[in-house]
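Bear in mind that the values in this text are calculations on the coordinates, not laboratory data. Small disclaimer: the values here were computed from a predicted structure and weren't measured. Here the Cβ positions follow ideal geometry from the backbone for every residue, glycine too, while neighbour counts run over all protein chains shown.
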Amino acid sequence: MSELDIKKWLSTVCETVKNKDLDNHMNLVSEKVMVYGLPNGQTLTYEDWKKRRKSEFQRNLIKNLAYEKLKIKNIGLRRLIFNIEEIMDATNNDLLIVNKNITIEYEPDNQWRVVEENIQKWKYLKGKIKASE
């Protein structure tokens, strides 16, 4: 069941990005979320995430988001930790490939939300189109 919960959460994230649905996208993010490992050394909070995603949607910067190479690291009753490769396909055909650990938590309102992301490494490919397309 836990792997199914992870895959469903990832699928919903992709769907909300594709549809530029900020409200439903942010419903997948915990208000206590922290994102670590950004190239500039900063961390992102819920408000930072919302501001960034809103800007990306309004400026039509993201075409698609995909996830590959799921590796489950820890399964608990209310918390799932996994490693994943996130592929962000920009509207200008640039690709951003990010390897990260994600922790999602089953919150009191019975919704899985991301509470932590820890970026391990990332790669920016200018003008690339994903091979599977």
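Using a cutoff of 8 angstrom between alpha carbon atoms and counting only pairs six or more residues apart, the relative contact order for segment 65-133 works out to 27 percent. Shown here: segment 1-78, whose C-alpha atoms stretch 37, 29, 23 Å along the first, second and third principal axes, sorted largest to smallest.
Extension gain, Ile75 to Leu61, is 1.6 nm, computed as 0.36 nm per intervening residue step minus the present C-alpha separation.
Length gained on full extension, Lys32 to Lys51: 5.3 nm, using 0.36 nm per residue less the C-alpha separation. Share of pairwise Cα-Cα distances greater than 21 Å in the chain is 39 percent (whole percent). Distance between Cα centroids, segment 1-69 to segment 89-111: provide it in whole Å. Going from one Cα centre to the other spans 5 Å.
Estimated purely from DSSP H runs of n ≥ 4, each contributing -39500 (n - 2.57), the mean residue ellipticity at 222 nm for the chain is -8000 deg cm²/dmol once divided by its residues.
Please determine, in degrees from 0 to 90 and to the nearest 10, the orientation of helix 46-58 with respect to the longest principal axis defined by the Cα atoms of the chain, where the helix direction is its Cα long axis. It is inclined by approximately 40 degrees.
Against the chain, whose longest principal axis comes from its Cα atoms, helix 2-18 is set at around 40 degrees.
Using a cutoff of 8 angstrom between alpha carbon atoms and counting only pairs six or more residues apart, the relative contact order for segment 12-79 works out to 33 percent. What percent does the relative contact order of the chain come to when contacts are Cα pairs within less than 8 Å and at least six residues apart? Result for the chain is 22 percent. Overall, the chain carries a charge dipole of about 400 debye about its Cα centre when +1 sits on the Cβ of Lys and Arg and -1 on the Cβ of Asp and Glu, all other atoms neutral.
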